[in-house]
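Peer 1: Mind having a look at this structure? Questions to follow.
Just so it is clear, none of the values below were taken in a lab; they were calculated from the coordinates. The structure presented is a predicted model; accordingly, all values stated were derived computationally and were not measured. No Cβ is skipped: glycine too gets one built from the backbone with ideal geometry, and neighbour counts run over all protein chains shown.
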Amino acid sequence: MFYSAVLLVLVSVAVAQQTEWEQCGGIGWTGGTTCVSGTVCTELNDYYSQCLPGAAPSTTAAPSPTTSAPSTPTQTSLIPRLGGVNTAGYDFSVATNGSFSGTGVSPPVSQYSHFTAEGANLYRIPFAWQLMTPTLGGTIDSSFFSTYDTTVQAALNSGPNVYVIVDLHNYARWNGEIIGQGGPTNAQFASIWTQIAAEYGSNERIIFGIMNEPHDLPSVETWSDTLQYVVTQVRAAGSQNFLLLPGSSYSSAQTFPTEAGPYLVTITDPLGTTDKLLFDVHKYLDSDNSGTHADCVTNNVDVLTTLVQFLQENGNRQAILSETGGGNTASCETDLGQELAYVQSAYPTLVGFSIWAAGAFDPTYVLSVTPNANGTDQPLWIDAVIPNLP
Ligand SMILES: *[C@@H]1O[C@H](CO)[C@@H](O)[C@H](O)[C@H]1NC(C)=O
Ligand SMILES: *[C@@H]1O[C@H](CO)[C@@H](O)[C@H](O)[C@H]1NC(C)=O
């Protein structure tokens, strides 16, 4: 995801009474279970009941997908089905040319326990390359790493089965130059990941998001060679982690089968199996697939069906939809609900999803699923996401 404005940090405030839209039950819930007059405590899933207006439960909010995934009786998965959200902030002001002019904003850690209580088990935490290693190819800044790690640990500690994607959010670039194609060398790129491997290499609940949204690459084949170099180096550094490999055209799920996919399926893992190499894809639902409009025009089931077929025909590989989302509008509640229901049906070929975005985004941001200041969730999250969490 790219955006130009730096937005205000939201600090969530928990409230004690079960007024309209508040939680009123679910596994692990210790607060009140009665709702104010005019609302009904409605079970949305095992983990979350909410005081909804009137007597009409919204458990039917997510419609069934229009197409079901091909059956995959022989495919197994080392990783459980994942669903959750991007918690943005450390990436604020990274431009699509890989330049960075910000300072990083910490996502409010209260969101992790909030969303995990609702059933989420995946948090993607983007960061600017320049914050982690202020000098290209240099050592990790220990002060920033400590700050970032506090956020990662808060996410991991929100539940025993929670996974985190450490997301290097730089569009395959550093200050306008493309990795391995005139810009940073493959060794400079691999350096940040071998250092992160030294910190997180033995924690299998930390997934390495090798690069966010490569785009306008002179050679996709050369980019695939760069990824192979990083995979080899990261394993040599002792990493056992799942690695997310991004294609081209902003990690497009749509172009993956014809553009980057044919190259990326040839990448090998020194671990001896490709089971821990997952493909990283993004897809929005608005008119130009940019994720900048409040309204949605597609549920993407056709695009994802084509992707699933490609993955199954090329070694039964797996992908994760690490960015998707829409506005808090009726069209997006319908389309996103259908998309996420399809993703759920296509496990394990599609491992899961993370919605763009919460974290330090204000609730007024067009694609925001950041909880309101009074602790209530956005309508899109309630109607389209919660019903499709693992
Ligand atoms: C919580 O805040 C949202 C956004 O300001 C508002 O729409 C909603 O009515 C509030 N709910 C409660 C229970 O105060
Ligand atoms: C990158 O893009 C930003 C935002 O458009 C611009 O201000 C900056 O000059 C660009 N930097 C390079 C090196 O192209």
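Peer 1: Could you please state, rounded to a whole Å, how far the C-alpha centre of the stretch 271-307 is from the C-alpha centre of the stretch 337-390?
Peer 2: Answer, in whole Å: 14.
Peer 1: When N is the residue count of the chain, what does its C-alpha Rg come to as a fraction of 2.2 N^0.38 Å?
Peer 2: Compared with the compact-globule rule of thumb, the chain sits at 0.94.
Peer 1: Between SER101 and LEU78, how many nm apart are label points set 7 Å from Cα along the C-beta direction?
Peer 2: With each label point 7 Å from Cα toward Cβ, the separation is 4.2 nm.
Peer 1: Mind checking the angle between helix 186-200 and the chain's longest principal axis? C-alpha axes, 0 to 90 degrees, to the nearest 10.
Peer 2: 50
Peer 1: Moving to a separate point now. Can you tell me the length gained on complete extension of the stretch ASP362 to THR268, counting 0.36 nm per residue apart and subtracting the Cα distance?
Peer 2: My answer for the length gained is 29.8 nm.
Peer 1: Here's a follow-up. Cut-off 18 Å, label point 7 angstrom out along Cα-to-Cβ of ASP275: give me the residues of the stretch 190-206 whose amide nitrogen falls inside.
Peer 2: Residues 202-206 qualify, since their backbone N sits under 18 Å from the label point.
Peer 1: Multiplying the sequence separation of GLU313 and THR19 by 0.36 nm and subtracting their Cα-Cα distance, what value in nm do you get?
Peer 2: Stretched fully, the GLU313-THR19 segment lengthens by 100.8 nm.
Peer 1: Further, regarding this structure: If we count every other residue with Cβ under 12 angstrom of TYR342's Cβ, Lys/Arg +1 and Asp/Glu -1, where does the sum land?
Peer 2: Charge balance in the 12 Å sphere: -2.
Peer 1: Another question, if that's okay. Pulled fully out, how much extra length does the chain show between TRP29 and SER113, if you take 0.36 nm times their separation in residues and subtract their Cα-Cα distance?
Peer 2: Full extension of this stretch gives 29.1 nm more.
Peer 1: Quick check on the stretch 82-388: of the DSSP beta bridges with both residues there, what percent are antiparallel, nearest 5%?
Peer 2: The antiparallel fraction comes to roughly 10 percent.
Peer 1: On to the next question. Given the DSSP H assignment, sum -39500 (n - 2.57) over each helix run of at least 4 residues in the chain and divide by its residue total; what's the result at 222 nm in deg cm²/dmol, nearest 500?
Peer 2: -7000 deg cm²/dmol
Peer 1: For helix 220-236, what angle does its Cα long axis make with the longest principal axis of the chain, in degrees from 0 to 90 and rounded to 10?
Peer 2: Rounded to the nearest ten degrees, it is 90.
Peer 1: While we're here: Using R₀ = 35 Å, calculate the FRET efficiency as 1/(1 + (r/R₀)^6) where r is the Cβ-Cβ separation of SER146 and THR185; round to 0.05.
Peer 2: Calculated value: 0.80.
Peer 1: How much net charge surrounds GLY183 when only other residues with a Cβ under 12 Å from its Cβ are counted (Lys, Arg +1; Asp, Glu -1)?
Peer 2: Around GLY183, the surrounding residues sum to 0.
Peer 1: Sort 154-164, 114-124 by packing, meaning the average of other beta carbons within 10 Å per residue, with the highest value first.
Peer 2: Going from most to least packed, we get 114-124, 154-164.
Peer 1: Right, next: Check ALA88: other-chain or 5+ apart residues with amide H under 5 Å from its amide H, H built from backbone geometry?
Peer 2: ALA358, GLY359, ALA360, PHE361
Peer 1: Right, another one. Among residues other than VAL36 whose Cβ falls under 15 Å from its Cβ, what is the net charge (Lys/Arg +1, Asp/Glu -1)?
Peer 2: -2
Peer 1: Kindly express, to the nearest 10 degrees and within the range 0 to 90, the angle between helix 142-156's C-alpha long axis and the longest C-alpha principal axis of the chain.
Peer 2: 50
Peer 1: Along the Cα→Cβ direction, 7 angstrom out, place labels at GLU43 and THR258. What is the inter-label distance in nm?
Peer 2: Placing both labels 7 Å along Cα→Cβ, they lie 4.7 nm apart.
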